[in-house]
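Notes follow the structure.
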Amino acid sequence: MKKFDHVVKNPMGVHARPAALVAQACTSFKSVVTISTDDKTADGSNVLQLLGLGAIKGTNLHITIEGADEEEAYEKLVAAINSAEPKSKKLDLIKIAFFGTKSYDRIFFSELSKDRGEGAYNADIKYFSTRLTEETASLADGYDAVCIFVNDDASRPVIETLNKCGVKLILLRCAGFNNVDMEAAKEYGMTVLRVPAYSPYAVAEHAMTIIQAANRRIHKAYNKVKDNNFALSGLLGIDLHNKVAGIMGTGRIGVCMANICKGYGMTVLGWDAFPNKKLEEDGLLTYVSKEELLKRSDLISLHAPLIMGEGGTHHLIDANAISLMKDNVMLVNTSRGGLIDINALMDALKQDKFHAVALDVYEGEDENVYTDHSEDMLSNDIVARLVSFPNLILTSHQAFFTREALQAIAAVTMENARNFNESLPYGAAEVK
Ligand SMILES: NC(=O)c1ccc[n+]([C@@H]2O[C@H](COP(=O)([O-])OP(=O)(O)OC[C@H]3O[C@@H](n4cnc5c(N)ncnc54)[C@H](O)[C@@H]3O)[C@@H](O)[C@H]2O)c1
């Protein structure tokens, strides 16, 4: 265990920005960090608990780090503590209109947006629950920035309205940016910033969770047992051990998924437009052609971004790709719906091609995502047909949805807003 004390130098004490930076650092290593004042204790990875310490300038914080990577954790934590010290005197407020917000967004963002003054976020936030669309874009009148999520629409007509409203910045509180017309944004001189990485573990863990649930028919077993039916018919699964996993897109999330598959004792194949040779050197996976991956894999997991046009990934899995796959293959998509041609998938499901399919995203999901339609007539025929397959599990774009991920999304988004407001470098957050 590593122990050290730190006296708070920041004139504002442990306010939202340092708390967010410390919590974000703490979720990037395995060791557990505990931070105490003389009378209160906080989990270092929890922003709200850190704020609850009420530590003002001069408070002596007692910090313990315990775990396998204590040295690395110590360095990252000290760097986070130091980077939270105030460096800028610029105090302009940036006005941000948040679209498509839910109660959980507000919990994580509200604490950070209270942060005003030197070295803070200086953001004035207005939350709209409505999605950004052509009809709602004018709500951004008088705001410097809009903050949007995966199911908001930032197409050309929307960007034209935002430009008339005076918006100069689009903040994406997600990694993907396929819903933003980048040409239009450039034309109107709008900066687009995203959260390049928050918790790749959240998404990869969800991918394995849903494909294993579909493989072992957990959705059916759960209902059967609730109905006093303890028979095993219809629940037969397949071992993953000694099988072949094919990872399409070997970036941050793909690597996490490869590691999870390795943990199950699988052989891992990778395919990527830009292979990362280090993954082969480390013995994690072997790169093969797309065709070979499709032919050899027992479980295929999609982790490439959605890119339209030649050399892109739109309909990466179409009828031809499916025809190359083994019978009884398992397929999971937690990336973007457009990677799979939904009609080709449904045709193959009808022909009993797959042992299991798990989708967190699907083509045509936009109207449904994050919306409660439980009292409406089901108007989406795709969903109705998909959920009728007994070997398919559908979740609604929830792979990212963990406490650690939401915390990181809020912190990085607010850092992005601050960097824009204070003309600081954007790093990997900028979409060009
Ligand atoms: N379901 C969710 O909640 C959720 C959450 C976060 C991210 N995502 C999706 O997951 C995707 C992957 O995220 P990430 O953080 O691993 O991204 P990443 O940028 O780290 O990795 C993407 C990988 O895809 C590869 N790639 C890029 N263009 C390609 C092409 N045309 N053909 C083949 N490969 C290509 C890249 O070389 C890279 O290795 C995101 O683009 C996003 O769409 C989904």
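Summary: within the chain, the longest segment free of GluC sites (Glu not before Pro) located in DSSP loops with at most 13 other C-beta atoms within 10 Å is 136-309. Membrane-span-like helices in the chain (whole DSSP H runs, Cα extent of at least 24 Å along the helix axis, mean Kyte-Doolittle hydropathy of at least -0.5): 403-421. Which entries of Lys243/Lys290; Lys3/Lys30; Lys126/Lys168; Lys2/Lys40 show an alpha-carbon separation above 21 angstrom in the structure shown? Exceeds cut-off: none, every pair is within range. The fewest-to-most ranking of Val32, Val14, Val180 by surrounding Cβ atoms within 10 Å reads Val32, Val180, Val14. Two numbers describe the Cα atoms of the chain: Rg and Dmax, which are 23.3, 69 Å.
Restriction of the trypsin sites (Lys or Arg not before Pro) in segment 13-97 to DSSP coil positions whose beta-carbon has at most 16 other beta-carbons within 10 angstrom yields Lys30, Lys40, Lys57, Lys87, Lys89, Lys90. Counting every other Cβ atom within 10 Å of each residue's Cβ, Cys174, Cys147 order from fewest to most as Cys174, Cys147.
Distance between the pseudo-spin-label points of Ser138 and Asp43 (7 Å out from Cα toward the beta carbon): 4.6 nm. For Ile300, the amide hydrogen comes within under 5 Å of the amide hydrogens of Gly246, Met330, Leu331, Val332, counting only partners 5 or more places away or on other chains and with H modelled in the peptide plane. Taking 0.36 nm per residue of separation and subtracting the current Cα-Cα distance, fully stretching the chain between Asp282 and Asn380 would add 30.8 nm.
Simple spin-label estimate for Glu183 and His6 gives 4.7 nm between the two label positions (7 Å along the Cα-to-Cβ direction from each Cα).
One decimal place: the segment Lys350-His241 gains 36.5 nm when fully extended, by the rule 0.36 nm per residue minus the C-alpha distance.
Quick check: convex hull over the Cα atoms of segment 101-187, volume per residue in Å³, rounded to an integer? Dividing the Cα hull volume of segment 101-187 by its residue count gives 105 Å³.
Computed from the C-beta positions of Ala231 and Lys262 and an R0 of 41 Å, the FRET efficiency is 0.75 to the nearest 0.05. Given +1 at the Cβ of Lys and Arg, -1 at the Cβ of Asp and Glu and no other charges, the dipole of the chain around its Cα centre is 660 debye to the nearest 20. Cβ crowding within 10 Å ranks Lys432, Lys220 as Lys432, Lys220, fewest other Cβ atoms first. Applying 1/(1 + (r/R0)^6) with R0 = 45 Å to the Cβ-Cβ distance of Ile218 and Ser289 gives a FRET efficiency near 0.85. The dipole here belongs to segment 281-432: it is taken about the Cα centre, uses +1 on the Cβ of Lys and Arg and -1 on the Cβ of Asp and Glu, and is about 320 debye.
A short reminder: the numbers here are calculations on the coordinates, not readings from a lab. Predicted model, so just to flag it, every value in this text is computed and none were measured. Every residue, glycine as well, gets a Cβ built from its backbone with ideal geometry; the counts of neighbours run over all protein chains shown.
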